[in-house]
Number of protein chains: 2
Amino acid sequence: MNGPTQRRITIKEVAEAAGVGVATVSRVLSGGSASAETREKVLAAAARLDYRPSALGRNLRRQRTGGIGLLVPDITDSFYARLTDGVLACARSYGEPVTVGVTGDDPEREAELIGTLIEQSMDRLIAVPSGDGDMWAPALRAGLNVVFADRRVRPDVPSVVPDDRAGVLTAVEYLAGLGHRKIAYLGRHGQSQRIAAFTAALASLKLPADRELVVQARSSRDSAYAAAAGLLQNRPDVTAVIAGGNVLGEAAVLAARELDVRIPRDVSLIMFDDVPWAELCSPPLTVIAQPAQDIGYRAAELVLRHGRRPPAVTLPTQLVVRASCGPRVATSRR
Amino acid sequence: MNGPTQRRITIKEVAEAAGVGVATVSRVLSGGSASAETREKVLAAAARLDYRPSALGRNLRRQRTGGIGLLVPDITDSFYARLTDGVLACARSYGEPVTVGVTGDDPEREAELIGTLIEQSMDRLIAVPSGDGDMWAPALRAGLNVVFADRRVRPDVPSVVPDDRAGVLTAVEYLAGLGHRKIAYLGRHGQSQRIAAFTAALASLKLPADRELVVQARSSRDSAYAAAAGLLQNRPDVTAVIAGGNVLGEAAVLAARELDVRIPRDVSLIMFDDVPWAELCSPPLTVIAQPAQDIGYRAAELVLRHGRRPPAVTLPTQLVVRASCGPRVATSRR
DNA sequence: ACCGTTCATGGAAACGATTCCACCATAGTT
DNA sequence: AACTATGGTGGAATCGTTTCCATGAACGGT
């Protein structure tokens with residue numbers, strides 16, 4: 001049933017065909033020194049036989065696998081999809097394969113996937129870390145070359161992250177400028193950076209920093225919806241919410257619609273991460289755009305070059321004003 | 001700067017620690033026969049040393065790499081992201097790593113990526129094929145175990161595809177039931193299956209099958225927008241359009257808005273592929289939902305089990321009625 | 001003319017697993 | 001008691017590559 005499955009040709013056969021030793025073939029093919037004549041013969045033989053060096057053999061000898069691992073919480077989330085796209089784009093220009101794993105923001109699954117990667121002798125890894133940084137100690141000790149993307153959980157690991165502080169501050173200032181004082185942050189569990197930035201921003205503008213103004217969801221759509229609905233329902237006094245990601249934003253719009261609170265008349269909404277549908281939404285969503293693809297690309301560069309490694313690179317965000325924010329109305333909702 | 005980079009421990013060390021030969025260790029760990037006492041010793045030593053067999057060594061010997069390759073046109077497209085998610089979910093339950101490549105629907109890039117995969121000795125591949133089936137001949141001859149997803153371009157390769165024929169027919173019938181007669185199909189280049197299904201559906205309902213009623217775009221957002229705008233502008237007589245994918249649908253909504261044609265008053269729109277934002281759009285979009293994740297999952301099952309391989313599995317689609325389709329108005333637009 | 005340096009070259013030893021095969025001990029049979 | 005199954009066990013070959021090292025030739029300088 002299966003085809004003839006022709007055996008793959010090896011360096012030995014190339015050597016034989018070219019009338020030289022295997023060492024010479026290897027040297028020619030990896031740019032070592034050789035006489036012009038020999039080089040010619042080897043190249044010709046290799047081309048004629050359509051020789052492809054086996055990455056397996058090479059990697060076993062070299063004690064490291066080429067290629068890079070990538071761990072994201074959810075490939076279905078547009079942000080991580082774009083981040084992944086950036087990684088793939090960079091890796092492709094180096095001809096390096098990328099092995100992708102989905103952690104679901106679960107440290108246990110993450111550890112399991114790291115194990116699989118280590119078994120493959122992968123020594124380069126880009127990760128959007130799920131938990132705190134502690135669990136990365138063994139992986140780092142194992143000599144793994146890690147770069148964090150989107151979140152920084154350890155100071156000793158190079159990271160590429162969006163400028164959360166500036167992004168949050170911009171959002172809060174924008175809303176405050178429209179007269180809002182009770183501003184809520186709808187975030188994901190573990191977004192400690194942004195939450196800190198949020199409370200700092202509130203403080204710097206002398207706005208009330210109620211602890212209950214930040215509500216956190218797990219990264220599933222259901223959890224996001226529940227959190228959004230809860231916030232909208234329990235706190236009629238908040239007149240503006242910042243959603244910490246596109247699925248949170250989606251949930252907020254959905255919940256608002258369900259609970260019959262109007263955007264932007266009843267509450268203003270500003271969402272982290274610009275996605276194509278933000279413009280199609282009704283109303284079109286004002287967003288803090290994040291350079292997801294760039295984050296991935298830069299992270300890949302870092303992990304591939306891994307020359308002197310800067311501790312962290314921070315990429316700018318941008319406020320895109322559409323129509324989901326309005327001036328505060330004098331009376332609170334309901 | 002770098003940590004101590006502890007060397008990874010090998011089967012030899014485990015053998016030594018357990019006081020047995022390497023062959024025995026290998027046998028115990030892969031379920032071969034051994035005395036209870038020996039098994040005990042080996043397992044204990046392996047656990048104590050935290051031994052992880054090197055996939056490199058194993059694969060080199062076995063002449064095949066575990067793991068599976070996945071080639072999609074665009075990971076940024078929600079449909080392919082969900083498909084990828086399905087593949088990853090299935091692969092994870094087998095503990096198999098997945099190497100992802102983005103083809104951009106470009107056969108050349110696709111061929112290049114296949115080359116990389118073959119270099120890795122990957123022998124299992126799931127692909128959303130870009131071009132026609134011809135270019136796959138060499139890969140198949142090389143013994144590659146291929147499963148096609150979303151598109152079927154060769155009868156001799158197992159494929160997992162949505163039920164295009166039924167989906168298109170449902171859409172056309174639904175629109176015809178609303179009184180529409182001039183229905184256009186806005187598709188991607190190379191969607192021959194669906195386009196054939198579309199013209200067949202028109203014919204079966206005795207609707208005019210103008211050749212210009214199907215317009216094709218390349219898979220970029222720009223191209224999709226141009227095609228949508230062109231269609232809407234040049235053919236004021238069409239009162240309904242079917243968009244062949246979520247980026248095409250997005251483009252159609254955008255173009256309609258730009259050209260000031262109202263949905264659904266001026267033209268009805270039905271989109272292939274249900275995405276979260278379809279409900280948030282204004283108006284909420286009526287769609288033909290496709291089981292993207294299932295497609296990926298089933299494809300992964302096929303490529304992993306690869307027992308007797310059915311030539312093709314077709315997964316059902318489902319019409320989800322929202323608010324982007326209305327009855328035909330008596331007069332054509334403009 | 002001799003010696004030292006340089007350079008191309010090929011043989012062989014790794015890398016870490018699997019697996020063939022030979023070996024030995026024990027148990028069972030005549 | 002001798003001979004044969006049987007089954008556990010370890011040595012060694014193998015997979016395809018890179019790289020160390022030895023070899024030999026060519027060449028230039030004293």
On C-alpha positions alone, give me the angle between the axis of helix A:292-305 and the longest principal axis of chain A, in degrees, nearest 10. 40
Reach of A:Lys182 by Cα under 21 Å, taken over lysines that are not fewer than 8 positions away in the same chain: A:Lys206
So what are the three principal axis dimensions of the stretch A:152-208 from its Cα atoms, in whole Å, longest to shortest? 40, 19, 15
Give the shape of chain A as rounded, prolate or oblate, defined through the alpha-carbon gyration tensor: a ≥ b ≥ c are the square roots of its eigenvalues, a/c under 1.5 means rounded, and otherwise the shape is prolate if a/b is larger than b/c and oblate if not. prolate
Using just the Cα positions, wrap the stretch B:200-334 in a convex hull and report its mean projected area in square nanometres, one decimal place. 9.9
At 1.4 Å probe size, with no ligands or nucleic acids counted, give the accessible surface of A:Glu258 in Å², nearest ten. 130
Looking only at the protein assembly as shown, where both bridge partners belong to it, what percent of the DSSP beta bridges are antiparallel (to the nearest 5)? 10
Whichever lysines have a C-alpha closer than 20 Å to that of B:Lys41, once near sequence neighbours (fewer than 8 apart) are set aside: B:Lys12
In whole percents, the bins of 10 Å from zero upward hold the Cα-Cα pairs of the stretch B:41-127 as 16, 37, 28, 13, 6, 1
Helix B:164-177 sits at what angle to the longest principal axis of chain B, using alpha carbons and giving 0 to 90 degrees rounded to 10? 20
Report the antiparallel proportion of the DSSP beta bridges in chain A as a percent, rounded to a multiple of 5. 10
Rounded to the nearest angstrom and ordered from largest down, what semi-axes does the equivalent ellipsoid of the stretch A:11-53 get from its C-alpha gyration tensor (root of 5λ)? 14, 10, 9
Partner shielding of B:55-67, as the mean number of partner chain Cβ atoms within 10 Å, equals 5
Can you show me the helix-derived [θ] at 222 nm for chain B, built from DSSP H runs with n ≥ 4 at -39,500 (n - 2.57) apiece and divided by the number of residues, rounded to the nearest 500. -13000 deg cm²/dmol
Local net charge near A:Arg154, Cβ-Cβ under 9 Å (Lys/Arg +1, Asp/Glu -1): -2
Average silhouette area of the protein assembly as shown, convex hull of alpha-carbon atoms, in square nanometres: 35.1
Pairing the Cα long axis of helix B:107-119 with the longest principal axis of chain B, what angle in degrees results, from 0 to 90 and rounded to the nearest 10? 10
Scoring only Lys, Arg, Asp and Glu (+1, +1, -1, -1) among other residues with Cβ under 11 Å from the Cβ of A:Leu205 yields +1
Solvent-accessible area per residue for the stretch B:198-270 at a 1.4 Å probe radius, Å²? 43
Computed D for the stretch A:51-200, Stokes-Einstein, Kirkwood radius over alpha-carbon pairs, 37 °C, 0.692 mPa s, to the nearest µm² per second, is 191
What residues have an amide H closer than 5 Å to that of A:Asp123, excluding those fewer than 5 places away on the same chain, when H is modeled at 1.01 Å from N in the peptide plane? A:Thr65
Given backbone amide H placed at 1.01 Å from N, residues whose amide H is under 5 Å from that of B:Ala312, ignoring those fewer than 5 places away on the same chain, are B:Ser159
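The values are calculated or read from the model by the stated rules, or taken from the named source; none is laboratory data. Everything quoted here is computed from the prediction, not taken from an experiment. All Cβ positions, glycine included, derive from the backbone under ideal geometry; neighbour counts span all protein chains shown. Note: areas computed on protein heavy atoms with side chains; ligands, DNA, RNA excluded. Shrake-Rupley method; radii C 1.70, N 1.55, O 1.52, S 1.80 Å.
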